[in-house]
Amino acid sequence: MPRGSHSKLPSNPNSDNEKKYKSIAATAGVLLLVVLSFKSVSNDVEVEKRGSFSKRVGNPSLSQGKSSNDNGPDYEQDDDDDIAFFEKFHDDRLTDDNGWSDDFAVSHDFKETNILDVTSTSFDVHALRDSVRDATAILKESLKSKYGKYYDVIFESAGPKLFEINQVSKDRLLRRMMKKIIETSTKNSKVPFTWVTAGHSACAGHGNLFSQSKTHVLEEMASKAFSAAGLNFIGKNYAMGGMGSGPELGMCMEQIYGTDIDVITWDFGMTDGRDYWKLALWGARVANHPTRPFQVLMDSQEARRTVFQKMENVGVGLFTKRGYGDMKEMAAVLPDYENDKSQTDVPESLKYLVCGGIMEEGECKSHKWNTTAYCTKVAGQVGWHPGWRFHQLDGSLLALYMVLMLNESLDLLVSMSSISNDRFLTGDMHDLEILLNDINSKDKTDYETWMNSPSALLPEKIRVASTSFHKGDPICSSALLPSDARYNGYVTGKEGVFGGDFDTGMTESDAQLRSESTNGLNVSMTVVHSNHRTKVMCPKYADRDYKDYYYVGKVEDDKVWHTRIVPSHDEYDAFSKSTVSTENFIMACLEKCDWGQCPKGYVGFTDEASVYIDNRKVEKVQKEDNCYLLFPSNGDVTWVSKGEKPGQYEIEVKLNGGGFMRISSIIIVPFIS
């Protein structure tokens with residue numbers, strides 16, 4: 001049943017370039033039993049600055065100085081009720097047969113790294129280890145310079161207690177690093193090692209300059225040591241204010257965070273609350289990612305750690321970095337501003353950090369920010385957002401932890417010299433290939449263990465899709481920013497740069513005018529830039545996340561429908577896999593309103609909207625969070641695609657009332673029985 005003709009107004013053009021990422025299989029399993037101890041060499045040298053990810057996209061380096069003022073409420077703290085709730089809601093589902101969906105095994109492509117295209121003539125791991133040790137000494141000296149006499153208590157005593165990693169996951173992380181280091185022997189350039197920060201506004205660094213965020217600090221601090229090993233450490237701050245981890249962000253993992261990730265964080269405690277199923281879904285989506293990134297839980301709450309630890313038993317690598325609430329031991333031994341107002345001998349990095357034994361509380365609240373040299377006002381300077389000193393401390397702790405792990409991975413490589421009689425240390429690529437095959441074999445075992453493990457259950461309303469959501473390969477078309485798919489031009493047809501120039505789409509007023517000017521023809525959904533008032537306060541130097549959306553406007557002409565091909569041809573080419581299916585679940589997510597307060601005229605998937613998918617009407621929806629599973633009837637739950645490409649659909653929407661619909665993401669999920 002055709003609903004009008006398409007206008008030729010420009011929107012959502014497909015790019016001619018096809019961009020393919022090379023997937024590198026994630027590292028996991030147990031490779032060696034011997035881990036040599038590592039001791040850094042101390043050198044009195046200054047840290048050498050390099051062009052960081054944040055700097056490459058136009059961020060200034062910020063010199064420390066006087067702070068501007070603001071305050072706000074305390075950090076959110078979880079209590080024991082969360083654990084009791086979790087035990088009732090989730091434990092049976094993660095441990096007992098009656099709580100799981102049916103056991104399921106699916107054959108996905110497992111991609112291995114090989115070294116058949118060797119370009120180097122030698123691989124001297126001893127020299128690499130020495131270089132990394134030297135760079136580690138430089139890092140430590142830099143930290144000693146910043147934190148003075150408090151270095152030992154922060155980085156040698158209290159700091160390491162914030163990190164928890166079991167041996168099986170530690171082995172997986174070390175092998176991932178070893179695999180990357182071996183890969184450098186096959187390349188003429190440095191191999192990327194990518195850390196992605198995913199989380200809410202506090203994690204993103206709202207209230208601070210972008211260059212003050214923990215991710216920027218981590219990249220700056222860790223880069224020299226990783227570079228010494230032939231690796232280019234990239235820190236991507238893709239955290240988004242007001243967003244939970246699921247279902248939208250988890251299901252759009254590859255499109256938003258990228259297809260080549262080594263480490264990714266979960267820092268959504270403040271927004272996910274007690275929705276532990278979101279954490280389980282997030283972990284599953286990371287485990288299904290093409291590069292199977294190592295996962296980091298940036299949280300202290302026991303119930304969330306339980307979810308993560310159970311995933312570890314089925315082949316997933318992870319560690320926990322305890323959060324703000326567990327830093328009281330460290331705070332107790334740091335200079336306290338309320339006890340000593342002069343702070344004459346206190347390093348700038350610690351001044352006004354602790355008041356009354358708590359970080360950034362009491363009188364310290366008025367010293368959290370250091371942004372006025374760049375912007376008169378920066379949004380998000382509230383009590384629950386950490387200031388620049390906390391971000392610097394947290395980023396420094398993460399950097400040293402990752403660098404020490406890198407040292408251990410090189411110690412493991414050196415220890416293998418006794419196995420191969422030093423041949424692979426002096427240019428024997430055959431032995432390197434044997435080692436890499438061994439790593440790939442363990443990767444594959446962990447991958448198969450994960451794929452054959454049962455799927456945790458989704459909430460009742462969308463439980464029918466549990467296995468598909470946890471083990472399938474979705475393709476997501478999302479307007480959210482930051483997003484690799486947006487920057488690569490897959491969404492709008494125009495490429496862009498994170499922190500630089502990118503296609504922002506239209507204003508909502510222009511999009512509405514465009515919808516009203518089609519002369520009775522259909523109009524494709526266009527991307528609208530959610531240029532919230534807070535985002536214009538300091539757009540060049542502050543936060544860079546935007547809740548952009550595909551726009552559907554109410555028009556008087558009943559013949560006009562807003563349409564979109566999902567996924568677009570570019571999205572399909574970039575993200576479709578061998579598991580692509582003609583039968584799929586379809587989920588649409590709407591703009592997530594701040595604090596749950598949606599503006600007047602906002603329309604959801606109600607009677608105010610008519611929706612067709614491949615000329616078949618949506619008869620029923622099930623809502624979970626800001627997303628809706630769309631069903632063709634009360635009996636059917638999936639959609640069979642009718643176009644040339646399996647799993648590609650035409651979505652058509654018309655508003656019967658209200659003012660507008662803002663669709664942030666549309667997700668196609670292959671049906672798995």
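The values are calculated or read from the model by the stated rules, or taken from the named source; none is laboratory data. If you're wondering where the values come from, they're calculated on a predicted model, not measured in any experiment. Because the Cβ atoms are built from the backbone with ideal geometry, glycine has one as well, and the counts that use them run over all protein chains shown. These area figures cover heavy atoms from the full protein model, side chains too; ligands, DNA and RNA do not enter into them. Shrake-Rupley method; radii C 1.70, N 1.55, O 1.52, S 1.80 Å.
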Practice prompt. Return the only residue of 161, 170 being touching an Asp or Glu at 6+ places or on another chain (Cβ under 9 Å), assigned to a helix (DSSP H, G or I) and at pLDDT below 95.
Written response: 161
Worksheet item: When the residues of the stretch 487-512 are filtered to those that are of a type outside the set (Gly, Ala, Ser), free of Cβ contacts under 8 Å to residues at least 40 places away in the same chain and in a helix (DSSP H, G or I), which remaining residue is surrounded by the most Cβ atoms within 10 Å (Cβ to Cβ)?
Response: 487
Item to complete: Could you identify the single residue in 524, 515, 478, 468 that is among the polar types (S, T, N, Q) and either open to solvent by 10 Å² or more (accessible area, probe 1.4 Å) or out of contact with any strand residue (DSSP E or B) (no Cβ under 7 Å at 6 or more places or on another chain) (or both)?
Response: 524
Worksheet item: Tell me, which residue of the stretch 645-673 that is modelled with pLDDT of 95 or more, open to solvent by less than 40 Å² (accessible area, probe 1.4 Å) and part of a loop (DSSP other than H, G, I, E, B) is nearest to residue 530 (Cα to Cα)?
Response: 648
Fill in: Residue within the stretch 252-267 that is open to solvent by less than 10 Å² (accessible area, probe 1.4 Å) and under 20 Å from residue 596 (Cα atoms) present
no
Fill in: Unique residue being closer than 26 Å to residue 484 by Cβ and surrounded by fewer than 23 Cβ atoms within 10 Å (Cβ to Cβ) when the list is 593, 598, 589
593
Discussion item. Quick check on the stretch 451-460. Is at least one of its residues open to solvent by 30 Å² or more (accessible area, probe 1.4 Å), more than 23 Å from the chain's Cα centre (by Cα) and free of Cβ contacts under 8 Å to residues at least 40 places away in the same chain?
Written reply: yes
Fill in: In the stretch 614-638, the residues that are open to solvent by less than 10 Å² (accessible area, probe 1.4 Å) and over 14 Å from residue 464 (Cα atoms)
627, 632
Worksheet, complete the sentence: residue 321 meets each of (1) over 26 Å from residue 178 (Cα atoms); (2) of a type in the set (Lys, Arg); (3) in contact with a Phe, Trp or Tyr (Cβ under 7 Å, 6 or more places away or on another chain) with one exception, condition (1)
Worksheet entry | Filter result for residue 199 (in contact (Cβ under 8 Å) with a residue 40 or more places away in the chain, open to solvent by less than 10 Å² (accessible area, probe 1.4 Å), more than 19 Å from the chain's Cα centre (by Cα) and more than 28 Å from residue 445 (Cα to Cα)) | no
Worksheet entry | Residue among 231, 174, 143, 209 that is touching a residue at least 24 places away in the same chain (Cβ under 8 Å), closer than 27 Å to residue 306 by Cα and open to solvent by less than 10 Å² (accessible area, probe 1.4 Å) | 174
